[in-house]
Structure formats: structure tokens, C-alpha cells
1. Are any of the residues in region 147-167 within 23 Å of G120 (Cα to Cα), of a type in the set (F, W, Y), in a loop (DSSP other than H, G, I, E, B) and open to solvent by less than 40 Å² (accessible area, probe 1.4 Å)?
2. Any idea which of (1) open to solvent by 50 Å² or more (accessible area, probe 1.4 Å); (2) of a type outside the set (S, T, N, Q); (3) modelled with pLDDT under 95 is the one A34 doesn't satisfy?
3. Could you grab me the full set of residues in region 127-146 that are crowded, with 20+ Cβ neighbours inside 10 Å, modelled with pLDDT under 70 and not charged (D, E, K, R)?
4. For region 210-223, state whether one or more residues are more than 22 Å from G116 (Cα to Cα), of a type in the set (A, V, I, L, M, F, W, C) and surrounded by fewer than 20 Cβ atoms within 10 Å (Cβ to Cβ).
5. Sort out which residues of region 152-161 are charged (D, E, K, R) and under 21 Å from G234 (Cα atoms), and write them in order of number.
6. Restricting the first residue to region 172-195 and requiring it to be free of Cβ contacts under 8 Å to residues at least 60 places away in the same chain, which pairs with a second residue that is acidic (D, E) and surrounded by fewer than 19 Cβ atoms within 10 Å (Cβ to Cβ) meet a Cβ separation below 6 Å and a spacing of at least six or different chains?
7. Quick check on this structure: which one of F160, F170 is modelled with pLDDT under 85, under 20 Å from R216 (Cβ atoms) and not polar (S, T, N, Q)?
8. Of all residues in region 195-209, which are surrounded by fewer than 15 Cβ atoms within 10 Å (Cβ to Cβ) and not β-branched (V, I, T)?
Amino acid sequence: MSFLGNLWRGGAAKFDFDSGGASYVVELTKRNPAVSLTKQGAATGHLRVNLHWQMRPSDLHERSGQGRGGLLRHPGKLFKPEIVQAQGPAVVNVDLDLACLYELTDGTRGVVQPLGNFLGDLNGAPFVKLSGDDRFGSGSGETLYINLDHRDEIKRMLIFVYIYDGTPAFDRTHAVVTLYPSSGPRLEVKLDERAPQARSCAVFMLENVKGELTVRREVKYVYGFQAELDRLYGWGLQWGRGYKTNA
């Protein structure tokens with residue numbers, strides 16, 4: 001049975017989360033970069049990681065010339081009918097992907113990502129599952145599930161985001177990565193720093209150190225893709241060029 005099939009056929013209960021924790025958010029920042037999931041009683045169950053992104057409305061207005069500056073420079077536009085833009089790729093011109101580099105305690109290393117259809121496995125190694133590929137910045141975004149019931153088999157996991165297609169401008173995508181532990185508050189990491197030409201960003205590291213699971217903010221932008229992140233964090237994988245098929 002497929003992963004999504006499990007969600008619809010009775011498996012949804014496995015992904016319920018503490019309703020009290022969902023009522024408030026803790027932002028991981030440079031000054032407060034780390035949280036112990038073990039100490040807050042959230043080192044079991046499923047850790048849900050969601051990426052949500054979109055083009056900011058201000059950017060769209062600036063591009064269409066409908067902003068204040070555009071009207072001042074071209075006052076005649078006040079008397080011209082507005083051109084209706086098509087929805088979809090014409091509005092959202094960037095494709096962000098959520099992904100995970102993993103290392104297990106037995107030495108197994110690999111990646112879970114939309115590219116190449118490496119969607120992972122929740123109940124078997126690597127204990128990470130990607131729900132799918134969002135190409136247009138929809139409301140639900142992209143989601144990873146990490147099975148912390150197998151925490152003793154997890155050494156470290158690096159959650160990262162890369163721009164598969166479109167303008168390399170993270171600060172204009174309004175991207176937010178939100179972690180939903182099994183208990184306690186949601187954890188939020190914003191990717192709003194100006195990093196011209198950066199195409200990838202290491203968002204956070206989940207580490208198991210002497211039995212304690214810790215989430216640590218990284219937010220390190222690089223100009224390449226997975227291979228450059230690999231070199232930065234010493235994963236030691238072999239990489240090749242890949243492409244997505246047309247949806």
C-alpha cells in the first residue's frame with residue numbers, strides 16, 4: 001500500500017499531534033538556534049517538517065508596474081484596463097524543493113528528495129518520508145515525516161531546501177520551514193535572508209548525541225546544490241545531474 005494510501009486508510013491517526021503545542025510557535029534564530037526534543041518530551045512519534053513558500057505580493061506588484069512607483073512614473077495607467085495575469089507558473093516563477101540528507105548509526109547515508117523520486121520510507125530505513133513535490137507554492141507546500149520511534153537508529157539528518165527552477169532569490173520566496181513535534185510548540189525557521197545567487201540552503205540539523213535528540217538551526221546558503229552541501233557537512237556521497245519529468 002502506498003504512503004498516501006496509509007494516510008487515507010486508517011493511518012492518519014499516526015500523524016496526530018499535541019493540540020496544545022500547535023497553539024504557539026518558537027522561532028529558531030541566531031540567538032536561540034537549538035531545541036532539545038528529548039527534554040520537551042517530543043523524541044517519539046512523527047516529526048512533521050513542512051516547507052511553505054510563495055512570491056510576496058509586493059514583488060508581484062513591482063513586476064507588473066501596479067505599485068505606487070509604477071503609477072507615479074506612468075500616470076496614464078490609471079485610465080487603462082488592468083491586464084489580468086494567468087495563475088500558476090506565470091505568477092509563481094520559482095520551484096523550491098524540501099529534502100533531507102540522512103546518516104544512520106549503522107553508517108548508511110543517503111538523500112530523500114523529489115529529484116530522482118527518492119521519497120524515502122517511514123517505517124524502514126531511512127525512517128524519513130517525503131509526501132510529494134509541490135512545484136507551484138500551494139497552500140500545503142511540501143512535507144517530510146521523520147519517524148522518531150527509530151531515534152536510536154538515526155545519527156543525524158540535515159534538512160535543506162534548494163531552488164530547482166526559477167530565480168535564485170530566497171528572500172523573495174517568503175519561505176518558511178515549520179517543524180511539528182509530537183508535543184510542545186511548533187518550531188519555525190524563516191529563509192528570508194538576502195543571499196544573491198544562492199540556490200540551496202541548509203535549514204536545520206537533527207542530531208542524536210548520546211541519546212538526546214536536538215534540532216539546531218543552520219540557515220547556511222550555498223551557490224550550488226546537493227554536492228556543495230555534501231562537501232560542507234562531510235556526507236561523502238556521489239552526485240550526478242538530474243532532471244524532473246514534466247508534471
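The values are calculated or read from the model by the stated rules, or taken from the named source; none is laboratory data. Quantities reported herein were computed from a predicted structural model and do not represent experimental measurements. A quick note on method: Cβ atoms are made from the backbone with ideal geometry, for glycine too, and the neighbour counts reach across all protein chains shown. Just the protein is used for accessible areas: all its heavy atoms, side chains included, with ligands, DNA and RNA removed. Shrake-Rupley method; radii C 1.70, N 1.55, O 1.52, S 1.80 Å.
1. no
2. (3)
3. Once the filter is applied, which keeps residues that are crowded, with 20+ Cβ neighbours inside 10 Å, modelled with pLDDT under 70 and not charged (D, E, K, R), region 127-146 yields only G137.
4. For region 210-223, residues more than 22 Å from G116 (Cα to Cα), of a type in the set (A, V, I, L, M, F, W, C) and surrounded by fewer than 20 Cβ atoms within 10 Å (Cβ to Cβ): absent.
5. Answer for region 152-161, where residues must be charged (D, E, K, R) and under 21 Å from G234 (Cα atoms): E153, K155, R156.
6. Matching pairs, first to second residue: D192/D171; R194/D171.
7. Working: F160 fails: modelled with pLDDT under 85.
None of the others qualify; the one that does is F170.
8. In the first step, residues of region 195-209 are kept if they are surrounded by fewer than 15 Cβ atoms within 10 Å (Cβ to Cβ); the result is 196-197, 209.
Listed by number, the residues that qualify are P196, Q197.
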